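The values are calculated or read from the model by the stated rules, or taken from the named source; none is laboratory data. None of the values given here were measured: they were computed from a predicted structure. With ideal geometry, Cβ positions are generated from the backbone for all residues, glycine too; neighbour counts draw on all protein chains shown. Surface accessibility is based on the protein's heavy atoms, side chains included, excluding ligands, DNA and RNA. Shrake-Rupley method; radii C 1.70, N 1.55, O 1.52, S 1.80 Å.
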Amino acid sequence: MYPTPSVSAPGSKPVSVPGLRKMKQEGTPIVALTAYDASFAHVLDAAGVDVVLVGDSLGMVFQGHPNTLPVTVDDIVYHSRAVRRGLARALLMADMPFLSYATPEQALATAKRLLVDAEAGMVKLEGGQDCVLEVIRFLTEREVPVCAHLGLTPQSILRMGGFRVQGREEAAQKKMVEQAHAVVAAGAEALVLECVPATLAQQITQAIEIPTIGIGAGVHCDGQILVGYDALGITPGKRVRFTKDFLIETGSVEGAVQRYAADVRARRFPGPEHSF
Ligand code: KIV
């Protein structure tokens, strides 16, 4: 059993979607982590994590698949409902799985399950190409809060051919900046930037009014996110550059999450050694 959720920092008011934009305006870094169950969600919430994502990374770190493609809407609903029960303050964000938003109508049905059945406060979807922009517009016009996701988009793994840093070349950088503006114009309320050069993430962060949440995108994003298991150093295989084992430094799960949150808020994490 996990105890009744309590909140320690930085305040007890639940984090809202407009609250994220306010944090950007005030220069307060957004602290985000993934979780897939109630107990871990409770630890994150009690440590003052602002956004808890039920990411389709669960396909890899929870289910043991080599990529995120097999994750279903049912999986995300199941895990989001569990996580929801562990949260009192943090905003619950839920990932739209691969091919669950291939058309606007399908996206709306998926979003309805995540927001209504799973009580998520926001959905996240990957990409900035025209068909995804159409989906973002369709959802946001219908009051679905959307977080976009650019850079390394793991659902594109088959086409990308591997998990690689994106936006190294000038043309790709130009395209990503254009797509960042386009997701904002389509109504996105936040933008995850994954595995992009820190200078590019900084440029995008300064250019758009919605908050950017980086993972492997340098310290200048408006917030940071990690896969929860990566922050505890318990993901199998070689540690990837942009992650950090906070458990080894602190000796407890609670301590690790608190250290992560403090380091993000002080802009001590990510350091140059975690960035591209
Ligand atoms: O699925 C996930 O956990 C994510 C984060 C890595 C941003 O999308």
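Quick notes
- Cα gyration tensor shape for region 211-276, rounded if a/c is under 1.5, else prolate or oblate: oblate
- Shape metrics for the chain, restricted to C-alpha atoms - Rg then Dmax, Å: 16.9, 52
- Subtracting the Cα-Cα distance of Tyr78 and Ala171 from 0.36 nm times their residue separation leaves 29.5 nm of extension gain.
- Extended-chain gain in nm, criterion 0.36 nm per residue less alpha-carbon gap, Glu105 and His181: 25.0 nm
- Distance from region 215-267 to region 112-149 (C-alpha centre basis), Å: 26 Å
- With all protein chains in place and ligands, DNA and RNA left out, the 1.4 Å accessible area ranks Phe269, Phe242 as Phe242, Phe269, largest first.
- Couplings 3J(HN,Hα) of region 80-91, computed from phi: 5, 5, 5, 4, 3, 5, x, 10, 10, 10, 5, 7 Hz, in residue order, whole Hz [Karplus 6.51 cos²θ - 1.76 cosθ + 1.60, θ = phi - 60°; x for Gly and Pro].
- In the full protein context, region 17-274 carries 40 Å² of accessible surface per residue, based on a 1.4 Å probe and ignoring ligands, DNA and RNA.
- Only Lys, Arg (+1) and Asp, Glu (-1) charged, at Cβ; the chain dipole about Cα centre in debye: 400 debye
- Packing-based order for 56-65, 245-254, using average beta carbon neighbours within 10 Å, highest first: 56-65, 245-254
- Computed lengthening from Ser39 to Arg85, 0.36 nm per intervening residue step minus Cα-Cα distance: 15.7 nm
- Put Ser100, Ser12 in order of accessible area, highest first, and with a 1.4 Å probe you get Ser12, Ser100.
- Asp130-Ala207 pseudo-label distance in nm [points 7 Å out on the Cα-to-Cβ vector]: 2.1 nm
- Protection-proxy order for peptides 225-235, 131-141, 161-171, each taking the mean of Cβ atoms within 10 Å per residue, highest first: 225-235, 131-141, 161-171
- Shown for region 17-274: lysine pairs separated by 8 or more places, or found on different chains, whose C-alpha atoms are under 21 Å apart, numbering 4.
- Ligands, DNA and RNA left out, the accessible area of region 17-274 computed with a 1.4 Å probe is 53% carbon and sulfur.
- Rounded to the nearest 10 Å², the accessible area of Arg241 at probe 1.4 Å: 110 Å²
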